[in-house]
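**Student:** Let me give you the structure first, and then I'll get to my questions.
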Amino acid sequence: MAKPNAKGPVRTVQIFCAKCRFQLFKYRKGGKGALVKCFKERIVEDYTVEEGICPACNTQFARNAIIRGTPAFKMVGGKVHMK
C-alpha cells in the first residue's frame, strides 16, 4: 500500500469535540471530504492529554490504528467536527 503524501498538505483545520466544543487538534488535512482519519505525523498541535479521549468531557472520539503502514487515529463518527 502507498504511504500518505510525504510532503503533506498545506491547509490546516481545527478539530473540536462535538459534545463540548473543546479544541482537540490542529491538523494538516488533505482533500475536501469528511474527517475519517488523522495521521499522527500531520498533527500540528495536540491539546489532548490521553490519546483519543477529550480532556474536557472524557468522551472517546478516536481509536488508534495503523493505516497504510502509518500510525493514525480512526475517528468515531459524529464525535468531532472541524473548521
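**Student:** Positive end of the charge dipole of the chain (Lys, Arg +1 and Asp, Glu -1 on Cβ, about the Cα centre): tell me which of Ala62, Leu35, Cys20 has its Cα farthest that way.
**Tutor:** It is Leu35, whose Cα lies furthest towards the positive end.
**Student:** Also, quick follow-up: Quick one: putting +1 on the C-beta of Lys and Arg, -1 on the C-beta of Asp and Glu, what dipole do you get for the chain around its Cα centre, in Debye to the nearest 20?
**Tutor:** Here the size comes out at about 420 debye.
**Student:** If you don't mind, another one. Mind listing the lone cysteines of the chain, meaning no other Cys beta-carbon sits under 4.7 Å from theirs?
**Tutor:** Cys with no partner Cβ under 4.7 Å: Cys38.
**Student:** At Glu51 and Ala18, where each label point lies 7 Å from the Cα along Cα→Cβ, what is the point-to-point distance in nanometres?
**Tutor:** Simple spin-label model gives 2.3 nm for this pair.
**Student:** A further question on this structure: For the chain, what ratio Rg/Rh do Cα atoms give with a Kirkwood hydrodynamic radius?
**Tutor:** Here the Rg-to-Rh quotient is 0.94.
**Student:** Using label points projected 7 Å from each Cα along Cα→Cβ, tell me how many nm separate Lys83 and Asn64, to one decimal.
**Tutor:** According to this spin-label approximation, the distance is 3.1 nm.
Read-outs: derived from the displayed coordinates by stated rules, not from any lab. In this text, all values refer to a predicted model and were calculated from it rather than measured experimentally. Every residue, glycine as well, gets a Cβ built from its backbone with ideal geometry; the counts of neighbours run over all protein chains shown.
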